[in-house]
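Asker: Supplied in structure tokens, the structure appears directly below.
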Amino acid sequence: MKLNDEELTNKFSALDFDPQNIRQDRIYSKLNFEKSDRRYAMKKFIYALGTVCLVGLLLIPILNRGKVMKNQIPPDDMWASSEPAFMKNSDGSNSEAEALSDQTKDALSTVAIRPAPTVRKSLVRKSMASPRMHADMAAGRAGYAGDSFGTATSANFSGGSVWRYSSGPSFDYNSMNDESYKSFEGNAFKFVKQEPLSTFSADVDTASYNIVRRDIERGLNPSFDAVRTEEFINYFSYDYPAPKASSKDPVNIITELTDSPWNEGFKVVKIGVKAKEIEKEKLPPSNLVFLIDVSGSMYSQNRLPLVKKAYAMLVKELRPKDKVSIVTYADGSKVVLNGVSLEEKDGKQKILDAMEGLTAGGGTYGSGGLDLAYKTAKENFIKGGNNRVILATDGDFNLGQTSLEGLEKQITQAKETGVFLSVLGFGMGNYKDDKVQTLANKGNGNYAYINDLFEAKKAFVKDFGSTLFTVAKDVKFQVEFNPAKVQAYRLIGYEKRKLQDRDFNDDTKDAGELGAGHTVTVLYEIIPVGTKVPEGMPTIDELKYSEKQTAKTVNSDELLTVKLRYKEPDGDTSKLMSKVLKQEAYVPFAKATDDTRFALSVAAFAELVKKSRYSKNTDIKKLLETARKAKGEDAEGYRADFIKLVSLYEAVPQPAAN
Amino acid sequence: MNFEETYTKYFKRVFAYVCARAGNETTAEDICLNIWQKVFDKFSSFDNSKGNMEQWLFTIARNEVNSYFRLYFIKNFFSLTGNEELHQAHETQPLENLAAEEDKKLLAQCLQTLDKREKDLIGLKFFSGLNNREIAKVSGLSESNVGTILKRSLDKIRLKMELL
């Protein structure tokens, strides 16, 4: 049956779907000829009613949740009054909480066992079940609240800690992505009579701040373990006086003593170290090996393309006496450029072209790449110069040596060649912070996280000297407190940099490096003798046998002595520096230097993000206020950025630590 | 023109168009009830200057058919009794012209093999009495595009009819 257009059209028009007008009449009879307005008004009203009911239903669990939380969180206002700078006001706005607090206080003073509500009991039980807590208790860590988790006598104060720690590390975060961080716990208060020495390694890494900033800006809840307070503090540069030209030491130590912004009566000690600055032209010639991860995981826009741009910035900064090699690794490793000298006419262009040609794909044979890079660095070794491997990676090693311990061993061997290492972390989602950090720590290196061009600029252009030229290596601190003046102290941050006291004088123990112009800032919160130790803080008994001995050491107004050991970049024996802090150095918080107040704001913010047990009284508004006032000159705008970040963090509702 | 006149004048065309879209007369009847109810509600707001009555009517009809099917799928999704098939037309009517009925069935069958847009345009073209330019306005396509799609769908129908 063949049809032309006309026939088809006729067929269509011949169709009659309703031959007897049955449907026409039926529909007409069904039509509603009432006034439409009224009908629609009714309809709208019903819809509105329905919406209100639905919203109400949704709100009920949310509102109830808030109520339960209020009961669960133990009140924390039994510390001092509202004097300290960052401390929340306790002006009776929450009478319910206060009543509860009074009750708790009474209970504490009369009976040793605190009346724990059922909810809290269950939380304690939960924490007992967590393997991490077990480990802590087994280790018998003697610290403020550190060893009293989950015990029946634990006071109000540590009750909060139990609650926070029972969540386990970064639960929310890790369920969504695959980044890994080494977990650790914040430092607790230590008693001077028991542990008068505090020893740790210097740290100039800045990665943690960038990682956390990235998360906050994306509205994510940063992982607790990603927060390393010392890296927050050291991200900013401080205006410390550089060592005098005549001085033989490459570093200068300064100290400051002021009020603690957290607790009334407590004090804060700041120790600042500044490495000598060297003009760019006077820096020794460099032999740089760019070790670039070109595996498939580096494919995305914020990885390999950003790496190329970052290195291009660095190449622009280099001088004619420098040499550059490029080594890449994916499924295997290969040397792309071997020791191109920038004295060559088109040396820079050659490097840039070689870099432009790199594409991402394949596995991640990181250990092979490292071996080859160190080999290449060795071939082009400049004696007395700056020999350095600069590794750009997301840390996701999946071929060859992939375990943390294995990499650690490999890099420890590799650094014996005298080649330094800078690690630049790129990417997010599957970022392996722990591996990258281990590499940098063990391989005489430093570590920065780069998520945008600004950070690349900071690392390579602004901090050119400090990122790439080491002036002192294996820098260790040891602080000795005077028990006649100081009851207890708490080192803020540096948890992962702790050393054994005896390691201080052991030159074989590795520690952090200082680049040209680097500043390192260390903060201690101390409880001076005479200040009442707050209720709920576990104390140790008076020593029975050594009491008289300590009494002899009293006649001194020294609070503490800072000792610092460092090695020359190519030296093997360490040199010692020391500085004493006396009580008369004390200035009130308002008169402390901008640097100190800003560093304290940063530290307080880090603890807040970490949801540390010491941050519970921190008032973020006051913190912000202090940071604003302490901004100082801030030519590069990094401090202004910090203030922006804090106000963003304040505005975004934070999930409670559950 | 009042509502009643409009109704008697255009009912068959609208119904035929909806049939072409819906594929069976019972569903079409449901949709038509919605359409005419809406036409009645909005009748006072009809503006002659923006276009003629046919355009206005078929714009409404088109939207109603679309929203009916959208709703149909949503209802189906949330339905507690499982998937409900669209009503099938099993009405027995005294047939006066068997041949015409055969043709109708055949044509309707072919129409249902087309996709949504082609069905829409074929329906508009042969049952609404609109010309290509008006169809273009109602459907939001360009005039030449309408022509092309129509041509293509007619070819398809022709092919189908040859096969059957």
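The values are calculated or read from the model by the stated rules, or taken from the named source; none is laboratory data. On a predicted model such as this, the values are computed, not experimentally measured, just so you know. Don't worry about glycine lacking a Cβ; one is built from the backbone with ideal geometry, like all the others, and counts go over all protein chains shown.
Asker: When you scan the range A:521-528, do you find a residue that is surrounded by fewer than 21 Cβ atoms within 10 Å (Cβ to Cβ) and in the same structural domain as A:LEU197 (by TED's automatic domain parsing), even just one? Break it down into steps so the answer makes sense when it comes.
Answerer: The initial filter retains those residues of the range A:521-528 that are surrounded by fewer than 21 Cβ atoms within 10 Å (Cβ to Cβ), namely A:528.
Retained after the next criterion (residues that are in the same structural domain as A:LEU197 (by TED's automatic domain parsing)): A:528.
The answer is yes; a qualifying residue exists.
Asker: Here is a list: B:PHE3, B:PHE40, B:PHE46. Which entry is more than 20 Å from A:SER29 (Cβ to Cβ) and surrounded by fewer than 20 Cβ atoms within 10 Å (Cβ to Cβ)? Can you show your working first?
Answerer: Numbers: B:PHE3 fails: more than 20 Å from A:SER29 (Cβ to Cβ); B:PHE40 fails: more than 20 Å from A:SER29 (Cβ to Cβ).
B:PHE46 is the lone residue from the list that is more than 20 Å from A:SER29 (Cβ to Cβ) and surrounded by fewer than 20 Cβ atoms within 10 Å (Cβ to Cβ).
Asker: Report, by residue number, each residue of the range B:127-153 that is free of Cβ contacts under 8 Å to residues at least 24 places away in the same chain, part of a helix (DSSP H, G or I) and not charged (D, E, K, R).
Answerer: Narrowing the range B:127-153 to residues free of Cβ contacts under 8 Å to residues at least 24 places away in the same chain: B:131-133, B:135-136, B:140-145, B:147-148, B:151.
When the remaining residues are screened for being part of a helix (DSSP H, G or I), the result is B:132-133, B:135-136, B:143-145, B:147-148, B:151.
B:ASN132, B:ILE135, B:ALA136, B:SER144, B:ASN145, B:GLY147, B:THR148 - these are the residues of the range B:127-153 that are free of Cβ contacts under 8 Å to residues at least 24 places away in the same chain, part of a helix (DSSP H, G or I) and not charged (D, E, K, R).
Asker: Now for a separate question. Filtering the range B:127-154 down to residues that are at the interface with chain A (Cβ under 10 Å from one of its Cβ atoms) and over 12 Å from B:PHE58 (Cα atoms), which residue is surrounded by the fewest Cβ atoms within 10 Å (Cβ to Cβ)?
Answerer: Residue satisfying both the conditions and the ranking: B:LYS151.
Asker: Continuing with the same structure: Out of the residues in the range B:1-43 that are at the interface with chain A (Cβ under 9 Å from one of its Cβ atoms) and of a type in the set (Ser, Thr, Tyr), which is nearest to B:TYR68 (Cα to Cα)?
Answerer: Across the range B:1-43, the extreme among qualifying residues is B:TYR7.
Asker: Any idea which of (1) surrounded by 15 or more Cβ atoms within 10 Å (Cβ to Cβ); (2) at pLDDT below 85 is the one A:ALA585 doesn't satisfy?
Answerer: (1)
Asker: Using the structure shown, decide if A:SER367 is polar (S, T, N, Q) and modelled with pLDDT under 85.
Answerer: Judged against the criteria, A:SER367 is a match.
Asker: Additional query: So, of the residues in the range A:407-464 that are without any contact (Cβ under 8 Å) to a residue 12 or more places away in the chain and not basic (Lys, Arg), which turns out to be surrounded by the most Cβ atoms within 10 Å (Cβ to Cβ)?
Answerer: A:PHE454
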